[in-house]
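Please find one structure pasted underneath; my questions will follow.
The values are calculated or read from the model by the stated rules, or taken from the named source; none is laboratory data. Nothing here was measured: the structure is a model prediction, and the numbers come from that model. All Cβ positions, glycine included, derive from the backbone under ideal geometry; neighbour counts span all protein chains shown.
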Amino acid sequence: MRLYVTPTSPYARLAMIARLEKGLDEIELVWTRTRVPDDPMLVFNPSGRIPYLRLDDGTGFEDTDVIVDYMDALAPPLRFAPPEGEDRWPHRARRAMARSLLDGVAVWAREIVRPETERSPGIIEHERRRAARLADRFEAGIGSPAYRGPLDMPQLFLFCALDVERRLPDFDWRTGRPGLVAWHARVAAMPSVEGSLPPAGV
């Protein structure tokens, strides 16, 4: 199996962390470039979306959620599925909110790499305000037990969203949010997270 990733995609980073958390070293990482007409991945992944998991039989999956679910099932027990019982819906709510933060800052990051004359100040400001509101909400809840356990999907989405600051200097989620800063530092030091950083020169 091969996992196609790019060094800038936070969604790819999430899939790479999950791969390491599950100990799936047999899944080969393939560093690629997207949004180019000669991308060889387009032959088997016509959408061109990253990450993409190509199976040994030539079929595969796109979409981070689908890929993580598949990898999770490869090496029981399940680590990233929603829990059963009364914790299920709070878990799903945290996951959805963290996914909203990631999706928004990803739009923001893509907007600022466009030529300056083609950027939309309205989109940038909308996503900046959304990110600030969500960061405040996470700061208010980051001390709960839900953020102290092993990495789950809500935490993976949240970490990868905050990590977009590496490409988005104006994304200031740290100021006035000491709990979120401390949580991010703890997660960033985990071996699976450190190991998912792209190698120099990629």
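Return yes when Glu125 is surrounded by fewer than 17 Cβ atoms within 10 Å (Cβ to Cβ), within 26 Å of Arg79 (Cβ to Cβ) and at pLDDT 95 or above and no when it is not.
Considered against the rule, which asks whether it is surrounded by fewer than 17 Cβ atoms within 10 Å (Cβ to Cβ), within 26 Å of Arg79 (Cβ to Cβ) and at pLDDT 95 or above, Glu125 comes out as no.
Scan the range 82-135 residue by residue and report those that are polar (S, T, N, Q) and farther than 19 Å from Ser9 by Cβ.
The answer is Thr117, Ser120.
Still on this model: Looking for whichever is part of a loop (DSSP other than H, G, I, E, B), modelled with pLDDT of 95 or more and touching a helix residue (DSSP H, G or I) at 6+ places or on another chain (Cβ under 8 Å) here; the options are Phe138, Phe159, Phe171. Which one fits?
One residue alone meets the criteria, Phe171.
Quickly run through the range 178-196 and pick out the residues that are more than 20 Å from Ala98 (Cβ to Cβ) and either touching a residue at least 12 places away in the same chain (Cβ under 8 Å) or aliphatic (A, V, I, L, M) (or both).
If the condition is that a residue be more than 20 Å from Ala98 (Cβ to Cβ) and either touching a residue at least 12 places away in the same chain (Cβ under 8 Å) or aliphatic (A, V, I, L, M) (or both), then Pro191, Gly195 are the ones that fit.
OK, next. Checking the conditions here, which among Asp56, Asp72 is over 24 Å from Glu165 (Cα atoms), touching a residue at least 40 places away in the same chain (Cβ under 8 Å) and under 19 Å from the mean Cα position of the chain (by Cα)?
Going through Asp56, Asp72 in turn, just one is over 24 Å from Glu165 (Cα atoms), touching a residue at least 40 places away in the same chain (Cβ under 8 Å) and under 19 Å from the mean Cα position of the chain (by Cα): Asp72.
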